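The values are calculated or read from the model by the stated rules, or taken from the named source; none is laboratory data. Just so you know, these numbers come straight off a predicted model, no measurement behind them. Cβ placement follows ideal geometry from the backbone for every residue including glycine, while neighbour counts extend to all protein chains displayed. Each accessible area value is taken on the protein alone, full model and side chains, heavy atoms only, with ligands, DNA and RNA left out. Shrake-Rupley method; radii C 1.70, N 1.55, O 1.52, S 1.80 Å.
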Amino acid sequence: MSQPIVAARDLRKEYRMGDTVVAALDGVSLEIARGEMVAIMGPSGSGKSTLMNLIGALDVPTSGSIVIDGVALETADSAALADLRSRAIGFVFQQFQLLARLPALDNVAMPLLYARSFTGDAKAIARDRLSRVGLAERSHHLPTELSGGQQQRVAIARALVNDPAILLADEPTGALDSRTGRSIIRLFQDLNAAGQTVVMVTHDEGVARACNRIVRFRDGRIVEDAKNADVWRPEIEEAA
Amino acid sequence: MRVDAAARLALGSLRAHKLRSILTMLGVIIGVLSVVTMVSIGEGAKRQIDDQVRALGSNIMILSTGFGRGPVRQQGSGTPLTDRDARAIASQVSGVRVAVPVRQGGTQAVADGVNWSTQLFGTTNDIIIARDWSLASGRMFTTSEERGGGKVAVVGQTVVKELFGGQDPIGRTFRANRIPLTVIGVLTPKGQNMLGQDQDDIIVVPLKTAQSRLLGGGNRAPGEINQIIIKAENDRVMDAVQRDTDALMRERQRIGPDEPASYNLRNLSEMMQLQTATTNVMTALLSAIASVALVVGGIGIMNIMLVSVTERTREIGLRMAVGARPADVLLQFLTEAAMLSLLGGLIGIALAVPLCFAIASFAGWTVAIPPTMIAVSVLFSAGIGLVFGFYPARRASRLNPIEALRYD
Ligand SMILES: Nc1ncnc2c1ncn2[C@@H]1O[C@H](COP(=O)(O)OP(=O)(O)O)[C@@H](O)[C@H]1O
Ligand SMILES: [Mg+2]
């Protein structure tokens, strides 16, 4: 087996609130291999988002080590972290985070603006990613002209535009109704089936069962980390 | 991120807030507009003075009869100047190239029933040297014409046009104050001086002719003249010539060294230099005031950029999350600020040019827009954006992406 994409060892992340120190992560060790589809679960405030921010190279740990796609975050500066995000990370947010001014195609192409080694046709790649999420017809629509599910698909297309080593999604279905959420989960499963590594945070047991590994958090620690043999493939009704 | 990509982003976000962008630019527009206009007016004034100096001839001093402080010449208040004074200055003051007596007055000239009122100069051939004139055709006066008050005249181009219909006037006769004069020469055109005076509207006759035939009469002393034009050898001896001429005239008119002189001795290029210096100071002052508008414009840009950074905190967080480095964010916002002020500067210049022409034609001022001024204001306005845009841009680039993404 090749090197894991995420290798975290004794991760600690503390936040200082006045004179009290909150340990959002309190000794987390975790490896994620290529091709996995991991669900991260746990009650609110248990440290899920904090871990996602570290895996996404948006933050550095207080102590411990974490290596993402070969880059150790503890020793990287902000430019190196940005380069790592540009090269290896795709983010999907609960609130979509699309730029309202830009049509879908430009939203999808936007990350390539910051990809230093990229020289190709950004629009063509963006078109390809939009068609992968089933929105080829909507490329000139503004976010406000799209439904919630469609907006999240655009956001997923954007996360895929740099061929990320790892696709991160923090409660990607949290802002969607359950039917639309199921179609988004199916999309993630399809991407994973094609080899894409996916890590997602969810509150929904059903969504978690759609993944092939479930990691449970409580108070900044991993309390359970298990393979899911019985993967649920949600049925999708017409239209998302 | 490449600069062209940053420029496209900046243009996009300026377009997204058109009214706000234009209002923000207004400060820079007004600033550049006023600086360019002020400098152009100042530059025009300098050129005007320059032209006047050139028109007067170089290294010139004018000695004229004093008229006291008031407009009316008081009886016995000044000893009249004569051509003997001119000869004395020419021969006794060292450094003087020529000292030319001038008897000057208005005249009515008539040729073939055409009337033309113009200026008459009674003087010597040296006037050509003193005023840096030259002859387009014909000749100046002969010695016998000068001594005997010959009825001959050298005329300027305007007189040729008005009195002789533009035809070659040499050898033709006209009357000035009823005295028939034969044209023997034509002066090279000088054009208008910047005060709008036509320097070609002139008739030059021998001094004696003016004194005895054309402008005589009244209670004039024999040989009386209006002024003596003194041309020094070079500009280094100007001060000495002025001092020595003053001393000589005091001696000739028996005026003590501390008494007020009855004549005026003015060093014209000195006056012009003073005027130029005054203009420079005025221009600098006005430009400084105008630059305040530029600075205010810059502060406006800074203000709106800070607002924009705050409004777009989530956008900045998102861009960072997908790979923008702090330097990319800095570049994006700096470009936006620079573009705002650069566009403002360009609009300001575009408005300044017609404004300068309008001022030139309505106020009758000379306005000269120096091309370097245009280049400097373009660079300067872009610079304003960079300077005042730096703080907001740096603030944007230092945002924490996680917090920025959560901002609402
Ligand atoms: N920027 C921050 N400053 C202070 N405390 C924080 C910050 N971010 C997270 N925390 C705290 O860390 C803990 C974990 O937060 P988080 O990772 O967001 O939990 P989850 O995503 O599982 O709900 C919580 O107690 C939260 O209050
Ligand atoms: Mg969370």
* In nm, what is the difference between 0.36 nm times the number of residues separating residue B:92 and residue B:19 and their Cα-Cα distance? -> 18.7 nm
* Asked: Using 17 Å as the cut-off for backbone N distance, which residues of the stretch B:335-373 belong to the label zone defined by a point 7 Å from the Cα of residue B:47 along Cα→Cβ?
  -> B:352-373
* Structure fact -> The extension gain from residue B:311 to residue B:3, computed as 0.36 nm times the residue separation minus the Cα-Cα distance, is 108.6 nm
* To do: Could you state the angle between the C-alpha long axis of helix B:83-92 and the longest principal axis of the C-alpha atoms of chain B, as a value from 0 to 90 degrees rounded to the nearest 10?
  => 70 degrees
* Pick out which of A:207, A:71, A:223 has the largest mean-square fluctuation in a Gaussian network model of chain A, springs linking Cα atoms closer than 10 Å. => A:223
* Structure fact -> So for R0 = 60 Å, FRET eff. of residue B:281-residue A:80 from the Cβ-Cβ r, to 0.05, ends up at 0.60
* **Cα centre as origin, Lys/Arg/Asp/Glu Cβ charges: the stretch B:79-261 dipole, Debye** => 580 debye
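Can you divide the C-alpha Rg of the stretch B:79-261 by 2.2 N^0.38 Å and report the result to two decimal places? Before the final figure, lay out the partial values.
Details: Rg = 17.3 Å, N = 183, 2.2 N^0.38 = 15.9 Å.
That works out to 1.09 for the stretch B:79-261.
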* Any idea how far apart residue B:182 and residue B:168 come out in nm if each label point goes 7 Å out from Cα toward Cβ? -> 1.6 nm
* Would you mind computing, in nm to one decimal, how far apart the modelled labels at residue B:11 and residue B:258 are, each placed 7 Å from Cα along Cα→Cβ? => 7.8 nm
* To do: Please state, to two decimals, what the Cα-based radius of gyration of chain B comes to when divided by 2.2 N^0.38 Å (N = residues).
  => 1.53
* Asked: Once the dipole of the protein assembly as shown is set up with Lys and Arg at +1 and Asp and Glu at -1 on Cβ about the Cα centre, which of A:17, B:22, B:99 lies farthest towards its positive end?
  -> B:99
* **Exposed-loop-free span, longest in chain A, where GluC sites (Glu not before Pro) count as exposed if DSSP calls them loop and at most 11 other C-beta atoms lie within 10 Å** => A:1-234
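Round to the nearest 0.05 the FRET efficiency obtained for residue A:62 and residue B:375 when R0 = 56 Å and r is the Cβ-Cβ distance.
Values: r = 54 Å, r/R0 = 0.96.
It comes out at approximately 0.55.
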* To do: Quick one: dipole size for the protein assembly as shown, taken about the Cα centre, charges +1 on Lys/Arg Cβ and -1 on Asp/Glu Cβ, in debye to the nearest 20.
  => 1580 debye
* Structure fact -> Given a Förster distance of 41 Å, the FRET efficiency implied by the Cβ-Cβ spacing of residue A:10 and residue B:292, rounded to the nearest 0.05, works out to 0.10
* Structure fact -> Dividing the helical contributions, -39500 (n - 2.57) per DSSP H run of n ≥ 4, by the residues of chain B yields a 222 nm value, nearest 500 deg cm²/dmol, of -18500 deg cm²/dmol
* Asked: Which ³J(HN,Hα) values, rounded to whole Hz and listed in residue order, are derived for the stretch A:32-40 from phi using the Karplus coefficients 6.51, -1.76 and 1.60 in 6.51 cos²θ - 1.76 cosθ + 1.60 with θ = phi - 60°, glycine and proline given as x?
  -> 10, 9, 4, x, 6, 10, 10, 9, 10
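Could you state how much accessible area is buried at the A-B interface, both sides summed, with a 1.4 Å probe, in Å² to the nearest 100? Each step should come with its number before you reach the end.
On the way: alone 11380 and 20720 Å², together 30100 Å².
Accessible area lost upon association: around 2000 Å².
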* Structure fact -> Two pseudo-spin positions, 7 Å from Cα along C-beta at residue B:270 and at residue B:248, lie apart in nanometres by 1.6 nm
